Structure formats: C-alpha cells, structure tokens
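The values are calculated or read from the model by the stated rules, or taken from the named source; none is laboratory data. Owing to the predicted nature of the structure, the values given are computational and were not obtained by experimental measurement. Cβ: placed from backbone, ideal geometry, glycine included. Neighbour counts: every protein chain shown. To get the accessible areas, we keep the full protein, side chains included, count just its heavy atoms, and leave off ligands, DNA and RNA. Shrake-Rupley method; radii C 1.70, N 1.55, O 1.52, S 1.80 Å.
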Amino acid sequence: MTASLLPSAQASHFLRRWIDADASRPAVLARAAALSLTAHALSEMLQTEIDAGMPLPRAMRRVRNLLIAALIERDLGGVADLAEVVAGMTLFADFAIATHLQALQEEFEALHGVPTGEESGLAQRMIVLGMGKLGGGELNVSSDIDLIFVYPENGETAGAASQKHLSNHEFFTRLGKRLIAALSEITEDGFTFRVDMALRPNGASGPLVASFNMVEQYLIVQGREWERYAWVKARAVTGLPGDVAELGAIVQPFVYRRYLDFGSIDAIRTMHGQIRAEVIRQETRHPERSDNVKLGRGGIREIEFIAQVFQLIRGGRDAALRERSTRTVLQTIAERGLLEADVVAGLQAAYTFLRNLEHRLQYVDDAQTHAVPQTDAERLCVAQMMGMADSAVLLAELARHRALVATQFDSIFSDKRNGAALPGEDAQAAPAPVALCESDGSDVVTARLESLGFDTPHEAAARLLLTLQSSRMQSLPEASRRKLLALLNASLPLLAAAVDNRAVTLGRLLDFFEAIARRAAYLALLTEYPHALERVIRMMSASNWAAQYLTRHPLLLDELLDDRTLNATPDWPAFAADCQAQLEATAGDTERQLDVLRELHHAQQLRLLAQDLEGAVTVEQLADNLSQLADILVAQTLQAIWLTLPSRHLPAPRFAVIAYGKLGGKELGYASDLDVVFLHDDDDPEAPALYARL
C-alpha cells in the first residue's frame, strides 16, 4: 500500500467538491474512514440519513458519496489496499440492491398481491444476478453494475380481491424497472450506480426479466460462447437459497463443460479481437481516450481473459476454478501448475497495479474512465496519487506491467494455426506447405505423400482418402471437418520430419483422428497446441500400444501440454494425497469416484509411457513405478469403499491386500492384471460379512 504524494482533497476534485458542500463533512468523513466497513455499518449510515428526513433513494446516494469519499481517503492515505476498496464497493452494491428491492417488493405486494408459482404454489422472489466485476466481488469505485433479473416460475399474484393482480412476469418486470430507476436516476445527490442490463438473455431486445424455464431454454438453444464467459461471474445478490441453488444447477452445465474445453481459446481470442477493434475505433475518434488501462494492450481485460480461459477449459472438472474473483482464480492456476508461479506472480502484480491506477483515474472526478490522461499536469497528478515522483516513472512502470501481460496473453491466445515453421526451421524461410483439400483425388494425395518421402504413397493415400471420404467424416459439422483437415495437413510434414515408419504411423494417426473427430474440444486442443500434436505423432510412431492407448483415452491429451509434468519424476506421496483429496471431494458420488480413479491411473500411466518411449527410465524403474501406482490406487480405493459401508465399526479396516505375481514382485507392466488375495484380522462378530462386502 503506497500513500499518495498529494493530499486526497487536492488529488480528487470529487472529494474537494463533496467536502466544500457542507462544513460538517470533514468530521463525518473522519468517522466513516475509521469504521470497519460491514453491512451493519452501511445500514447505520443509511438510517442516519433517513432519520434526517431523506427518502430512501436520496439517502442511499448520500451514503454512496460518503463511502466513495472514505475509500479515497483511506486508499490515497496508504491505509486501504486494493482488496479493501473492491470489497467495500461490492458490499455497498449488494446492500443497495437488496435494500431497494426489499422496499419495492413490499410496495408492489401491497398493490398487487404476492407473486405465486403456478406449479409450486410458493411465493416468488426475484433473483438479481450480479455479473462482471460485481459478480466477481471486485467492483470499481466508479463502475456501472451489470445485472440480470430472474424469477423461478410463471404464475400470478395472489392477494385481496381489491388488489390489481398481475402475472408474475409483469410483476417482476415492473419491479425491475423501478429497481433500475432507484439505483441509477440522477438527482441532486447524483446516482447510486449506473445499471447495465445488456447481458440478459437476448440482450437489449429481450425481456427485462426471465423465468428459470426461459433462462434454461435460452442457454441451451441460443447461448453463445461469449455468454459462457459472462456467466462465469454470475452471482446471486438476492433470492431465496433454494431458488439460487436451482438456478445454479441450470447455469453450471452451460458455463462449465464436463470435458476439457480447449475450444474456449479460439472463442475468447475472437471476442478479444472484437473488443480491441472497437477500442481502436474509439481511440481514433477520441484521441484523448487512448492509453486505456482496462481494454488496451496488456490491460486489465487481458488478465481477466487469461484467468477465465482456464476456468472455461478446466472448470467443469476442477471446482476450485469456478471462483468468480480474478485474483483467486490466478492463485488457483498457480497452485495447479497451469502457469509458472513467477508468471502468475507477475500477473497478480500487474493486476494490482492496473486496478489501483484505474481507481486513481476515477477518483479525480468520480468518472467511469480508464484512460491515462494526455496532459502533463494531469499525468503528474495521477503519478503522485500512485506515490511516484513524476509521470515518467508512472509510464515506465505501466509499460513494464503491460508488456508482461501482453506477452503472457500472446503465449496463450496467439493463433498457432498460421505461419508456424517446423521445429528447427526458419519461419521466414520455410516455404508454405501444399495443403490437401477435401476435393483432392487420389493422384493429388499420392503426389503430396510422395513429395514427403512416403515409401508407399499409393497405399498411404488410399488409407487417407478412406478416412476423409467415410460417412463418419462427411457427417461432421463443417467447422469440425475444417479443423480435422487442418490437423491432417499439419501432421503430414511432422510425419515426414520425425518418423521413419510414416505409412504405419499415418494409419495409427488416422484411427486416432476418427476416434476424436466428434469431440471438437480435442480437435481444438491439438490445433491450439502444435507441440502436443508433435508428441502424439512421436508416441504413435514409437509404439502401437501407445497409439491404441491414446485412441481409447483421448482425455489424456491434456497431459501432453506441459513437458514439466510429463517428464517429472513421479512424486508418489503427492499423487496419493491428490487422489485422496479428489475422492473425498466426490464422496457420495460413486460414479464420479470411479471416474477419478480411472483418470488418475490413465494420466499417470501416460506420463510413465512418455518417459519410457523417450528412454528416460530403465525397465526396472518403470516396473517399480507402475507397481507403486497400483499400490496407491488399491489403498485409496480400499479406504474410499470402507467409508461407504454403513455398518463399519472402525475408522480404518483391519484388512490387508496381499499382492502375488508381477505386482508382488514389483514387476508390473502396462497391461498387467493384479493377482491379489484379501485377509482380515478383526474379532468383531460381524467382521466376516463386513469384510466380504468390502
């Protein structure tokens, strides 16, 4: 936390105007800045204004202004950090939404009755979803709030005959309009929050509120890739707990795929390109808005994209990545080893710097701005607010952070499909390879394979065309066919450069492509990570068993992305702990626990296979490792099953698994079965039956 070199009232025109408007405000500000900010403290501030005769909307605006003033005072004074500022703004937004909604709901129910579910007969409450930075708990000091209004069921209001009854949809539509007005209308005290409803289903052209059924139908039928990105942040600010849980069950399958979804990279790349194009257009029209720390190159949005692409790819399989906070997700990414710890530390530092800078830009006039000012005087003021002596230091530090973010963003999102040279080649000198097309006949394909050094080009061409022209391939969506053909064209030079048994390896590779063709995520993975495709080809060339293993378990492609993990010496205590943690996290879901055991076994076996094929381990080391893998999985399975037995009488079973054969001698192979016998040593009268079930 770095204190401003300027007094807060001198740095912030907003703060100076607010203080000068009332002689009592310096004392009020001093008390507010000393408070620990809680919902109770906000409630007391609001009640003070209401007791002074202010109506709720005006009282809320006055609390908002006091809160902003207190945060400016604390932040520029070096007392508050970024976490406190964004948490304080998020807390206030939640408080303002919930308070206004409760008051309006009571007013509307007095006029129209209680909205009631047509099927359940239960009273209905509107769920206000906070999206974007509000949803993530990282709201700016001068931000708008992105909201979506949802209610559980259609039906009608129920009440006295004298009341004017409405459909639930009309009730909540009117309620939503009034809530927006209560928050965003500009009065003599300003506004509480600007409200943006553009993220709702069908955007500005869609209804203001949506029932659960409508949300579900929309996400299934029309939900677009960018909306998955938006819904990652969705958080219920209001609503009954049961309704919120039901809505979560509707949204989660749309946002988080059960498989590893590498197609998200291209979707976010496209969305980022559109945002950047719009920023450039705006900067061209308004040069004073250039140097945007949020949407510009290496800015806040790129850090958010980096965090969220890992969420979209892996969040369906790793619940820890479903956090809404960018900072928390980055930390999880480091813990999972998805990015180097020092890279994540750099991204975290850049995020903190950019968000602090963004706040200081907004402190000046309480304006929703993200652009570094263009005049020397204004830049000097912002630099001093950041605790820096002059604007040159500020701009140098800004450039350093943005360069780090841009480099990391490019390493993840750069399009690897165009202009890539083969390993060892000069990218500029490499001639463009001749690409095969779907319409190419046998002569063209044969000539292409012959030019690549295939010793039996006619036979290889016939096998390739058999795959491309098969009914299975022809029935694929056009986008999948294009990706598959692009992968094939990328694979042929790799086959020619890396292997001797080209025709045999091509046949194995085509079998593999046929197996994954309907899973766009796998095609996207190999497209986005060409080095994974290279490793697939090397493994398939080296071993038919490896080729069959990958073809049966394409989920393991993810293991080929990181050479550090793939080539690392097994850490068996860490593996056992991870296995136990995953089994405990899925307790009660037997099918998922079985999947966990299979996935862990297959992934570790693939790592051992890769090391074996690279000659990195001896036969004895491999057998020891495969045997250790079996030992751990047997032990973990045993304990997991024991915990499912309702009649167990001990925390751990008095039960042994005795290994014979290759497992007993620690000579296990890839496809070995386990020869075992079971023994128990327990005097409990129910022990024989219990251990038989175990």
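Out of curiosity, is L638 buried (at least 16 other Cβ atoms within 10 Å of the Cβ), part of a helix (DSSP H, G or I) and in contact with a helix residue (DSSP H, G or I) (Cβ under 7 Å, 6 or more places away or on another chain)?
It is false that L638 is buried (at least 16 other Cβ atoms within 10 Å of the Cβ), part of a helix (DSSP H, G or I) and in contact with a helix residue (DSSP H, G or I) (Cβ under 7 Å, 6 or more places away or on another chain).
May I ask you to list the residues in the range 519-550 that are open to solvent by less than 40 Å² (accessible area, probe 1.4 Å) and more than 25 Å from the chain's Cα centre (by Cα)?
R535, V536, I537, M539, M540, S541, S543, A546, A547, Y549, L550 - these are the residues of the range 519-550 that are open to solvent by less than 40 Å² (accessible area, probe 1.4 Å) and more than 25 Å from the chain's Cα centre (by Cα).
Give the residue, chosen from R257, R281, that is open to solvent by 50 Å² or more (accessible area, probe 1.4 Å) and in contact (Cβ under 8 Å) with a residue 40 or more places away in the chain.
On inspection, the qualifying residue turns out to be R257.
Please work out if A389 is in a helix (DSSP H, G or I), at pLDDT below 95 and either surrounded by fewer than 22 Cβ atoms within 10 Å (Cβ to Cβ) or among the aromatic types (F, W, Y) (or both).
No: the conditions fail for A389.
Residue-by-condition table, conditions (1) closer than 14 Å to R538 by Cβ; (2) open to solvent by 20 Å² or more (accessible area, probe 1.4 Å); (3) of a type in the set (A, V, I, L, M):
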{"site": "Q469", "(1), (2), (3)": "no, yes, no"}
{"site": "M473", "(1), (2), (3)": "no, no, yes"}
{"site": "R502", "(1), (2), (3)": "yes, yes, no"}
{"site": "L510", "(1), (2), (3)": "no, no, yes"}
{"site": "I516", "(1), (2), (3)": "no, no, yes"}
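Taking the residues in the range 234-254 that are open to solvent by 40 Å² or more (accessible area, probe 1.4 Å) and outside any helix (DSSP H, G or I) as candidates, determine which candidate is nearest to L101 (Cα to Cα).
Looking at the filtered set, the residue picked out is L240.
Find all pairs meeting these conditions: Cβ atoms under 9 angstrom apart; at least six residues apart or on different chains; first residue within the range 608-619 and without any contact (Cβ under 8 Å) to a residue 60 or more places away in the chain; second residue among the acidic types (D, E) and open to solvent by less than 60 Å² (accessible area, probe 1.4 Å).
Short answer, once both residue conditions are applied: V619/D612.
Quick check on my filter: what residues within the range 675-694 are assigned to a helix (DSSP H, G or I) and touching a Leu at 6+ places or on another chain (Cβ under 8 Å)?
L690, R693
Does T586 satisfy the criteria of being modelled with pLDDT under 95, open to solvent by 60 Å² or more (accessible area, probe 1.4 Å) and among the polar types (S, T, N, Q)?
No, not satisfied.
Could you please give the count of residues in the range 75-84 that are assigned to a helix (DSSP H, G or I) and surrounded by fewer than 22 Cβ atoms within 10 Å (Cβ to Cβ)?
Residues in the range 75-84 being assigned to a helix (DSSP H, G or I) and surrounded by fewer than 22 Cβ atoms within 10 Å (Cβ to Cβ): 3 in total.
Give the residues of the range 349-365 that are part of a helix (DSSP H, G or I) and either open to solvent by 40 Å² or more (accessible area, probe 1.4 Å) or at pLDDT below 95 (or both), sorted by residue number.
If the condition is that a residue be part of a helix (DSSP H, G or I) and either open to solvent by 40 Å² or more (accessible area, probe 1.4 Å) or at pLDDT below 95 (or both), then A349, T352 are the ones that fit.
Going through the range 589-604 one residue at a time, which ones are of a type outside the set (S, T, Y), surrounded by fewer than 19 Cβ atoms within 10 Å (Cβ to Cβ) and in a helix (DSSP H, G or I)?
Scanning the range 589-604 gives E591, R592, L594, D595, L597, R598, E599, H601, H602, A603.
Filter the range 577-602 down to the residues that are free of Cβ contacts under 8 Å to residues at least 24 places away in the same chain and closer than 14 Å to A630 by Cα and list them by number.
Result: R598, single match.
Given the criterion in a helix (DSSP H, G or I) and either open to solvent by 60 Å² or more (accessible area, probe 1.4 Å) or in contact with a Lys or Arg (Cβ under 6 Å, 6 or more places away or on another chain) (or both), identify the matching residue among S672, S627.
None of the other options fit; the residue is S627.
From the list D562, D558, which one is touching a Leu at 6+ places or on another chain (Cβ under 7 Å), open to solvent by 20 Å² or more (accessible area, probe 1.4 Å), within 23 Å of S411 (Cβ to Cβ) and touching a residue at least 60 places away in the same chain (Cβ under 8 Å)?
D558
Please enumerate the residues belonging to the range 565-576 that are open to solvent by less than 60 Å² (accessible area, probe 1.4 Å) and either of a type in the set (G, A, S) or at pLDDT 90 or above (or both).
Hits for the range 565-576 are A568, P570, W572, A574, F575, A576.
Among the residues that make up the range 207-227, is at least one of them surrounded by 18 or more Cβ atoms within 10 Å (Cβ to Cβ), in contact with an Asp or Glu (Cβ under 7 Å, 6 or more places away or on another chain) and not β-branched (V, I, T)?
Scanning the range 207-227 turns up at least one residue that is surrounded by 18 or more Cβ atoms within 10 Å (Cβ to Cβ), in contact with an Asp or Glu (Cβ under 7 Å, 6 or more places away or on another chain) and not β-branched (V, I, T).
Give me the residue from the range 636-674 that is charged (D, E, K, R) and more than 43 Å from the chain's Cα centre (by Cα) and, out of that set, farthest from L626 (Cα to Cα).
Across the range 636-674, the extreme among qualifying residues is R654.
I'd like to check something: does the range 435-447 contain any residue that is closer than 30 Å to L312 by Cβ and either buried (at least 19 other Cβ atoms within 10 Å of the Cβ) or at pLDDT 90 or above (or both)?
Scanning the range 435-447 turns up no residue that is closer than 30 Å to L312 by Cβ and either buried (at least 19 other Cβ atoms within 10 Å of the Cβ) or at pLDDT 90 or above (or both).
Specify the residue that is farthest from G248 (Cα to Cα); the eligible residues are those in the range 171-195 that are acidic (D, E) and surrounded by fewer than 17 Cβ atoms within 10 Å (Cβ to Cβ).
Across the range 171-195, the extreme among qualifying residues is E188.
Would a scan of the range 313-329 turn up a residue that is modelled with pLDDT under 90, surrounded by fewer than 21 Cβ atoms within 10 Å (Cβ to Cβ) and part of a helix (DSSP H, G or I)?
Checked the range 313-329: at least one residue is modelled with pLDDT under 90, surrounded by fewer than 21 Cβ atoms within 10 Å (Cβ to Cβ) and part of a helix (DSSP H, G or I).
For L35, work out the one condition from (1) over 34 Å from the mean Cα position of the chain (by Cα); (2) at pLDDT 95 or above it doesn't fulfil.
(2)
Which ranges mark the helices (runs of 4 or more DSSP H) fully within the range 450-545 that have 2 or more residues being under 29 Å from S411 (Cα atoms) and touching a helix residue (DSSP H, G or I) at 6+ places or on another chain (Cβ under 7 Å)?
By residue number, 478-498, 502-516, 520-528, 530-542.
Go through (1) open to solvent by 60 Å² or more (accessible area, probe 1.4 Å); (2) farther than 29 Å from Q348 by Cβ and name the single condition L46 misses.
(1)
Can you name every residue in the range 123-162 that is surrounded by fewer than 21 Cβ atoms within 10 Å (Cβ to Cβ), touching a residue at least 24 places away in the same chain (Cβ under 8 Å) and more than 26 Å from V364 (Cα to Cα)?
Listed by number, the residues that qualify are R125, E153, N154, E156, A158, G159, A160.
Please go through the range 1-25 and pick out each residue that is without any contact (Cβ under 8 Å) to a residue 60 or more places away in the chain and either buried (at least 16 other Cβ atoms within 10 Å of the Cβ) or closer than 20 Å to G88 by Cα (or both).
A9, W18, I19, R25
Of all residues in the range 26-43 being free of Cβ contacts under 8 Å to residues at least 40 places away in the same chain and within 22 Å of A182 (Cα to Cα), which is surrounded by the most Cβ atoms within 10 Å (Cβ to Cβ)?
Among residues in the range 26-43 that are free of Cβ contacts under 8 Å to residues at least 40 places away in the same chain and within 22 Å of A182 (Cα to Cα), the one surrounded by the most Cβ atoms within 10 Å (Cβ to Cβ) is A41.
Take the residues in the range 136-192 that are of a type in the set (G, A, S) and in a loop (DSSP other than H, G, I, E, B); name whichever of them is nearest to the chain's Cα centre (by Cα).
Only one residue tops the list, namely G136.
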